[in-house]
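Below: the structure, in structure tokens.
Where a number appears in this text, it was derived from the coordinates with a stated rule and is not lab data. What you see is a predicted model; the values in this text were computed from it and never measured. No Cβ is skipped: glycine too gets one built from the backbone with ideal geometry, and neighbour counts run over all protein chains shown.
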Amino acid sequence: GQSLEQPSEVTAVEGAIVQINCTYQTSGFYGLSWYQQHDGGAPTFLSYNALDGLEETGRFSSFLSRSDSYGYLLLQELQMKDSASYFCAVGTSNYQLIWGAGTKLIIKP
Amino acid sequence: ETGVTQSPTHLIKTRGQQVTLRCSSQSGHNTVSWYQQALGQGPQFIFQYYREEENGRGNFPPRFSGLQFPNYSSELNVNALELDDSALYLCASSFRLAGPVPETQYFGPGTRLLVL
């Protein structure tokens, strides 16, 4: 079967750095995306990796290792507004879009 | 604000009924994907439409069907509603130049469906 695994909850302190990991087991991997979703809101796109390495967008960075079927999202200089759920999602070559169950990020002052 | 709209925002139906949900894509986008999100879970991929044709489907039965129109608006139809169909239904608009799936998706606010 196809699956993605990510921690259910992560807690961090305002101003700190946090890493959210995602491991996947899929056939025909095409790319890994990250989305943020606040309670009651819609997912918003954060980052995308198709090739190995690091992608940086402001305070957010995303990393992919295709050989390890592993990626992570790195959030720096955490702010209270970053409290949300974060989802990794894999697109496959057979036209599938598979999402993880999400990681709830709790930020403490 | 993504420019993707969905209607209605909320809907209550009874078991066995049929429902149609609508999505208006962002201007210039040629692909729409539909998702079902149960409370506290990640979005589950229902299907994807590219240039008016379904070209990707998740693990959902045939009673879930869809349409994409020439103006790239879209519908999700669900027949014979079951209690477990109660969820938030999200559509996502994107532009695909090449490749089987979009890199970036822009989501609408969703339709919350309750089946009694």
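What to note about this one:
- Search result, residues across region B:10-59 that are without any contact (Cβ under 8 Å) to a residue 24 or more places away in the chain and either within 21 Å of residue A:34 (Cα to Cα) or within 14 Å of another protein chain (Cβ to nearest Cβ) (or both): B:40, B:41, B:42, B:44, B:45, B:47, B:51, B:53, B:54, B:57, B:58, B:59
- When residue B:102 is tested against (1) closer than 22 Å to residue A:29 by Cα; (2) buried (at least 17 other Cβ atoms within 10 Å of the Cβ); (3) more than 8 Å from chain A (Cβ to nearest Cβ), just one condition goes unmet, and that condition is (3).
- 1 or more residues among the β-branched types (Val, Ile, Thr) and out of contact with any Cys (no Cβ under 8 Å at 6 or more places or on another chain): qualifying strands (runs of 3 or more DSSP E) within region B:1-106: B:10-13, B:19-24, B:31-37, B:44-50, B:74-78
- Counted as qualifying within region A:36-109 are the strands (runs of 3 or more DSSP E) with 1 or more residues that are over 13 Å from residue B:42 (Cα atoms), namely A:44-49, A:53-57, A:60-65, A:70-75, A:84-92, A:103-108.
- Residue ID - surrounded by the fewest Cβ atoms within 10 Å (Cβ to Cβ), chosen from residues in region A:90-109 that are in contact with a Cys (Cβ under 9 Å, 6 or more places away or on another chain) and of a type in the set (A, V, I, L, M, F, W, C): A:99
- Restricting attention to region A:65-89 and to residues that are buried (at least 22 other Cβ atoms within 10 Å of the Cβ) and farther than 15 Å from residue A:43 by Cβ, the residue that is farthest from the other protein chains (Cβ to nearest Cβ) turns out to be A:75.
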